[in-house]
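K.L.:
Can you read through this structure? Questions will come right after.
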Number of protein chains: 2
Amino acid sequence: MSKEITIVRKVLEANDRLAEELKNKFRVKKILCLNLMSSPGAGKTTLLERTLTDLKDEFKMAVIEGDLQTDNDAQRVAATGAQAVQINTEGGCHLDSGMVLDALKSIDTEGLDILFVENVGNLVCPAEFDVGEDYKVTLLSVAEGDDKPEKYPFMFHISSVMLLNKTDLLPYVDFDMKKATGHAKKLNADIEIFPISARTGENMEDWYKWLREKRAAKL
Amino acid sequence: MSKEITIVRKVLEANDRLAEELKNKFRVKKILCLNLMSSPGAGKTTLLERTLTDLKDEFKMAVIEGDLQTDNDAQRVAATGAQAVQINTEGGCHLDSGMVLDALKSIDTEGLDILFVENVGNLVCPAEFDVGEDYKVTLLSVAEGDDKPEKYPFMFHISSVMLLNKTDLLPYVDFDMKKATGHAKKLNADIEIFPISARTGENMEDWYKWLREKRAAKL
């Protein structure tokens, strides 16, 4: 199996080189790039729909959408008026920097403030592959259960933000907020945690405040 | 990249050989083996807790639990009185037949009727790796949204059963049952679909009926 491990390492190294290229582009153009990750159905696209709509007069934003198949999410996001490019991984379980570099060719980056990269819905593999982002932002739906940070530790260890989404479902599920946030903080003392409902709009202002701060810091 | 593809093919071929070995074991011992898959937090462990409790006088059952880290799920399952063995993949995104063969050494298969393999929570990668199962059973929580079969097509294409779990949340989420089942049937005309709530017990009898039939067919 050592041959396999060598290959995996080479793939990761090649990705890191391209991620560096992306980071340089974003630095020069002063674009804040965020890598959005989560399990399938945690609400990444709904978060984007609301964010793009609420902040459309404040920032110029674009989205790179990653999916195994279909361009459903790119269509949902484009309906807000933002630029949206779809990457289909054809079964691949994560995005990588090569895919993002390629998708970037279809985006007008002139004056762009924020680029969201919506990764494939998967709480494991995307954690391994940088896509040139400034920050990794991971959503956890409260319907998934409070044990997920403990059970998928690497994702929460490397994320700068955990958005605890679907708080409108809290009355109907068994979710101990203290347990979830406690585990996440144990994995990563610096993680910022915002309980929100992208569907109802509850507490979205906390997320927008963070976005504004991080965007300002790039200037 | 062709070297990488060759390696992946070799890994899959090696897995298929071990899966065949497992299948033979299960055939000789007349054990029904089911590979349970889903996104993180769709309710696989809760399904097992209730199934193992409700059918404990009817069948001798055991569970192989797959997780990145922790043995939380094996402990939950063992509390029902069933045999439970934990596999920690240390970050690996799916189980494979080698891991299951190894875990099987710790299980008393004498008189065993049903072996459940609870895969890593991931709607992408586990679909590629057989673990010697008779059937793949995929859970979809209604909180994840009705678009998931369309967006993660391979998983639903190769599954014999889709358990639409957490039906107790239906009044509080936007989930079109017809859309979800329609997409699943388009990917796989033979897929059997059971809407259930493993938490409340609603409609679990449909799932048990299927289990009894498939177990009887192995004798």
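K.L.:
How large is the convex hull of the Cα atoms of the protein assembly as shown per residue, expressed in Å³ as a whole number?
P.N.:
Each residue corresponds to 137 Å³ of Cα convex hull volume.
K.L.:
Where q = 0.10, 0.14 Å⁻¹, what log10 of I(q)/I(0) comes from the Debye formula for chain B, counting one point per Cα?
P.N.:
Here the Debye-derived log intensity ratios amount to -0.42, -0.85.
K.L.:
Further question on the same structure: In whole percent, what relative contact order does region A:1-119 give with Cα contacts below 8 Å and a gap of six or more residues?
P.N.:
About 36 percent, as a whole number.
K.L.:
Follow-up question, since we're still on this one. Net charge near B:R199: determine it from the other residues with C-beta under 14 Å of the C-beta of B:R199, scoring Lys and Arg +1 and Asp and Glu -1.
P.N.:
Net charge around B:R199: -2.
K.L.:
Further question on the same structure: Going by the rotation axis that takes chain A to chain B, pick out the residue of A with the closest C-beta and quote the gap in whole Å.
P.N.:
Here the value is A:A143, 2.
K.L.:
Could you look at chain A and say what percent of its accessible area is carbon and sulfur, using a 1.4 Å probe and all protein chains?
P.N.:
The computed percentage sits at 50.
K.L.:
Give the nm distances, rounded to one decimal, from A:R27 to the matching residue in every other copy, measuring between label points 7 Å along Cα toward the beta carbon; shortest first.
P.N.:
Result for A:R27, in nm, nearest copy first: 6.0.
K.L.:
Suppose R0 equals 35 Å; then what is the FRET efficiency for B:F154 and A:Q75 from their Cβ-Cβ distance, rounded to the nearest 0.05?
P.N.:
0.95
K.L.:
Could you calculate the contour length gain from B:Y135 to B:K10, that is, 0.36 nm times the residue separation minus the distance between their Cα atoms, to one decimal place in nm?
P.N.:
Additional length available on full extension: 42.6 nm.
K.L.:
Using DSSP H assignments, which helices in chain B have an axial alpha-carbon span of 30 Å or above and a mean Kyte-Doolittle hydropathy of -1.0 or higher?
P.N.:
B:2-28
K.L.:
Roughly how much of B:I114 is accessible, in Å² to the nearest 10, using a 1.4 Å probe?
P.N.:
For B:I114, the solvent-accessible surface is approximately 0 Å².
K.L.:
Based on alpha-carbon centroids, what's the gap between region A:1-72 and region B:174-219 in Å, whole number please?
P.N.:
About 35 Å separates the Cα centre of region A:1-72 from the one of region B:174-219.
K.L.:
Still on this model: To the nearest 500 deg cm²/dmol, what mean residue ellipticity at 222 nm is calculated for chain B from DSSP H runs of n ≥ 4 alone, each contributing -39,500 (n - 2.57), summed and divided by the residues?
P.N.:
-12000 deg cm²/dmol
K.L.:
Defining a contact as two alpha carbons under 8 Å apart and six or more residues distant in sequence, what relative contact order in percent does region A:68-178 show?
P.N.:
Rounded, it is 22 percent for region A:68-178.
K.L.:
Select from A:A19, A:A189, A:A127 the residue whose mean-square fluctuation is largest in a Gaussian network model of chain A (Cα-Cα springs shorter than 10 Å).
P.N.:
In the Gaussian network model the winner is A:A189.
K.L.:
Determine, from the Cβ-Cβ distance of B:D190 and B:A216 and an R0 of 30 Å, the FRET efficiency 1/(1 + (r/R0)^6), rounded to the nearest 0.05.
P.N.:
Using R0 = 30 Å, I get an efficiency of 0.95.
K.L.:
Mind checking which aspartates and glutamates have their Cα closer than 16 Å to the Cα of A:K105? Skip sequence neighbours fewer than 8 apart in that chain.
P.N.:
Within the straight-line limit of under 16 Å, A:K105 reaches these aspartates and glutamates: A:E21, A:E65, A:D96.
K.L.:
Do any residues of region B:78-126 show a loss of at least 40 square angstrom of accessible area between the isolated chain and the full protein assembly, using a 1.4 Å probe, and if so which?
P.N.:
Buried on complex formation: B:V124.
K.L.:
Taking only C-alpha pairs under 8 Å that are 6+ residues apart, what is the relative contact order of region B:3-217 in percent?
P.N.:
Relative CO of region B:3-217 lands at 24 percent.
K.L.:
Related question: Considering the dipole of the protein assembly as shown built from charges on the beta carbon (Lys and Arg +1, Asp and Glu -1) around the Cα centre, which of B:Y172, B:I7, A:S38 is farthest to its positive end?
P.N.:
It is B:I7.
K.L.:
Let me ask something additional. Accessible area lost on pairing A with B, both sides, 1.4 Å probe, Å² to nearest 100?
P.N.:
Buried: approximately 3100 Å² between B and A.
K.L.:
Shortest first, in nm, what separates the label point of A:T200 from those of the same position in the other copies (7 Å along Cα→Cβ)?
P.N.:
So the label point of A:T200 gives 1.9 nm to the other copies.
K.L.:
A further question on this structure: Find the cysteines in the protein assembly as shown that fail to meet the 4.7 Å Cβ criterion with every other cysteine, and list them.
P.N.:
That list is A:C33, B:C33.
K.L.:
Can you list, shortest first and in nm, the gaps between the label point of A:G111 and those of its counterparts in the other copies, using a point 7 Å from Cα in the C-beta direction?
P.N.:
Copy-to-copy label distances for A:G111: 7.7 nm.
K.L.:
Let me ask something else. What is the projected area of the convex hull of the Cα atoms of region A:1-117, averaged over all directions, in nm²?
P.N.:
Spelled out: convex hull of the Cα atoms, projected over all directions, averaged, 7.9 nm².
The values are calculated or read from the model by the stated rules, or taken from the named source; none is laboratory data. Just so we're clear, the structure is a prediction, and the values are computed from it rather than from any experiment. Ideal geometry is used to build each Cβ from the backbone, glycine not excepted, and the neighbour counts take in all protein chains shown. Accessible surface areas use protein heavy atoms only, side chains included; no ligands, DNA or RNA. Shrake-Rupley method; radii C 1.70, N 1.55, O 1.52, S 1.80 Å.
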